[in-house]
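Trainee: Sharing a structure, written as structure tokens. Questions coming.
The values are calculated or read from the model by the stated rules, or taken from the named source; none is laboratory data. Here the structure is a predicted model, which is why all the values come from computation and not from measurement. Using ideal geometry, Cβ is built from the backbone for each residue, glycine included, and neighbour counts are taken over all protein chains shown. These accessible areas exclude ligands, DNA and RNA; they are computed on the full protein's heavy atoms, side chains included. Shrake-Rupley method; radii C 1.70, N 1.55, O 1.52, S 1.80 Å.
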Amino acid sequence: GLLLLLSHHTLPVSSTRPLLIDTDVDVDDLTAIAYLLNEPSVSIKALTVVSTGWVDQVPGGTNLRRLTQFFGCPKIPVGVGSDVGFTSTTDDHSAWLLPNPAFKTAVNNVFTFQSNTTNCSAPYLAPNPKGHSPLDAEELITHTLKTSDEPVDLLMLGPFTNLARAIKADPSIIDSIGTVYISGGDLNTWGVPDTLEQELQGPRFPYTAITKGATWNVWLDPYAVHYVISSLSYWPKPPKVVAITEQGQNTLPMGPDPFESADLSSHSERFKFVHDFIHSFAQCYGVGQDISQFKWWDQSAALLMVDVMNGNHSDVCTEWHTTTISMNLNNGPKFGQMFEYEDGIQMDMCISMNKTAFLTSFWGQIESDKRDECPVDNMWNIMLYPNVRPGPIQDWSLLILPGGLGELVPLGYEGLIVLFFAMVACCSLVVLITGPILFWVFLRMRSRAQSADKSQHSYMLLH
């Protein structure tokens, strides 16, 4: 996948950074979150399930709460999103044909998996009765951002459906975002076909497979991705974008590493759980797959986020490239791809990673016990959620006007001031032009009325 980092705020220096994680709760997501649950530099304020990815609504929320309980943070609020995205790649608008239902079923039951396969040792985690928020994912994102005393960072580990819905409902939440880290996507060329024959080559709607060059977190809801990056790029203070491309993540294949043959008896329970989970999911859930077919996808996104937060830009990423990107939404073999575009959003891309540095940092943090506490907020109490749904306009700076590329652009406070004075100038111009004319008409009507009065008076004197 591709990690995008979108930032336009200068955050206050503090020991921890508030973080909201939006995830489709795949196996790489879960181990990435396990890493962050043991990372002292972040404070996870909320977890939201994006149900247009690799997990369904109910099991996704359940699995997240099982994980937070195991890591000693059972009260982190979990909100579940809609399973209807902005994009439909099928012709009957029914349930998703993608991803593979067999894989999705395995992910749904990742902590309660039963198999007749020998030597399959999938870990079991007990249910967690706490943490389920009464707010859905869109509302929990909005509430977490708007009630925080400081900007909140977002880590996007799945399709963009939840964030797109939240921004669409209330664009002002962008002002409360610190940095957005996104895992998913890749960089391609526009590749406009020269002939009809070239355009008709390759897959077209309805799609039965992901297009070549696209990646899952973008492909599963590309219209949502387009909505998010367009909204951020058109915001009065455009965000910065930093990306780790799939090319970079391909330099982190799973497989034999220095920790695989370690004596687990000398490690913590957290280390043993993550180690067993990583080395069992391919065998237990992969339907014949081998661990060498997997990469450190979302795990690298989480670790790179922490490195960037701490100013360590070169520890894990070894090569960067800067360009501008947009989304290819044209029906055909390149649908759902990110591509270089001069009017797109600028990003600095990480295109190569140091696997040794990654493994050392990842397993070292899993093993450590540096976290002091977990956030214990009453964010699951419905009484604390006033006005999470959009109502009458309270802030006219959110007024939107047509912008480029068919987007709606929020005015912002600066734009609102300009609009106000423009309206005053227009009204003044109307008065300057029409005032003399109206005054002349008034004088003419008054003169005629006086003439009529004199004529009537003369008539009465004569008679």
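Trainee: Going through 151, 171, 256, 236 one at a time, which residue ends up being at pLDDT below 90 and more than 22 Å from residue 298 (Cβ to Cβ)?
Mentor: Residue meeting the stated conditions: 236.
Trainee: Tell me yes or no: at least one residue of segment 371-391 is open to solvent by less than 60 Å² (accessible area, probe 1.4 Å), of a type in the set (Val, Ile, Thr), in contact with a Ser or Thr (Cβ under 9 Å, 6 or more places away or on another chain) and at pLDDT below 85.
Mentor: yes
Trainee: Here is a follow-up. Looking at 248, 213, 184, can you tell me which residue is touching a residue at least 40 places away in the same chain (Cβ under 8 Å), under 27 Å from residue 354 (Cβ atoms) and touching a Pro at 6+ places or on another chain (Cβ under 8 Å)?
Mentor: Details: 248 fails: touching a Pro at 6+ places or on another chain (Cβ under 8 Å); 213 fails: touching a Pro at 6+ places or on another chain (Cβ under 8 Å).
Testing whether each residue is touching a residue at least 40 places away in the same chain (Cβ under 8 Å), under 27 Å from residue 354 (Cβ atoms) and touching a Pro at 6+ places or on another chain (Cβ under 8 Å) leaves just 184.
Trainee: Related question: Got a sec? Which helices (runs of 4 or more DSSP H) wholly within segment 143-220 have at least 3 residues that are open to solvent by less than 30 Å² (accessible area, probe 1.4 Å)?
Mentor: Hits in segment 143-220: 161-169, 216-219.
Trainee: Sticking with this one: Only residues that are farther than 30 Å from residue 70 by Cα and aliphatic (A, V, I, L, M): list them for segment 348-367, please.
Mentor: Once the filter is applied, which keeps residues that are farther than 30 Å from residue 70 by Cα and aliphatic (A, V, I, L, M), segment 348-367 yields 349, 351, 353.
Trainee: Kindly provide the set of residues from segment 31-45 that are touching an Asp or Glu at 6+ places or on another chain (Cβ under 9 Å) and outside any loop (DSSP other than H, G, I, E, B), ordered by number.
Mentor: 31, 32, 33, 42, 43, 45
Trainee: If you don't mind, another one. Yes or no: residue 395 among the charged types (D, E, K, R) and at pLDDT 50 or above?
Mentor: Numbers: among the charged types (D, E, K, R): yes; at pLDDT 50 or above: no.
For residue 395, the condition - among the charged types (D, E, K, R) and at pLDDT 50 or above - is not met.
Trainee: Scanning segment 239-253 for residues that are open to solvent by less than 20 Å² (accessible area, probe 1.4 Å) and assigned to a helix (DSSP H, G or I), which turns out modelled with the lowest pLDDT?
Mentor: Applying the filter and picking the extreme gives 248.
Trainee: Also, I was wondering about something else. Is there a residue in segment 273-289 that is at pLDDT 85 or above and either loosely packed, with under 14 Cβ neighbours inside 10 Å or in contact with a helix residue (DSSP H, G or I) (Cβ under 6 Å, 6 or more places away or on another chain) (or both)?
Mentor: yes
Trainee: Within segment 349-364, can you find the residues that are under 26 Å from residue 269 (Cβ atoms) and open to solvent by less than 30 Å² (accessible area, probe 1.4 Å)?
Mentor: Hits for segment 349-364 are 357, 358, 359, 362, 363.
Trainee: Those residues that are more than 18 Å from residue 359 (Cβ to Cβ) and among the hydroxyl-bearing types (Ser, Thr, Tyr), I need them from segment 308-329; list them, please.
Mentor: Listed by number, the residues that qualify are 322, 323, 324, 326.
Trainee: Here is a list: 72, 85, 53, 61. Which entry is farther than 17 Å from residue 217 by Cβ and buried (at least 20 other Cβ atoms within 10 Å of the Cβ)?
Mentor: One residue alone meets the criteria, 61.
Trainee: So which residues in segment 309-352 are in a strand (DSSP E or B) and of a type in the set (D, E, K, R), if there are any at all?
Mentor: 319, 340, 348 - these are the residues of segment 309-352 that are in a strand (DSSP E or B) and of a type in the set (D, E, K, R).
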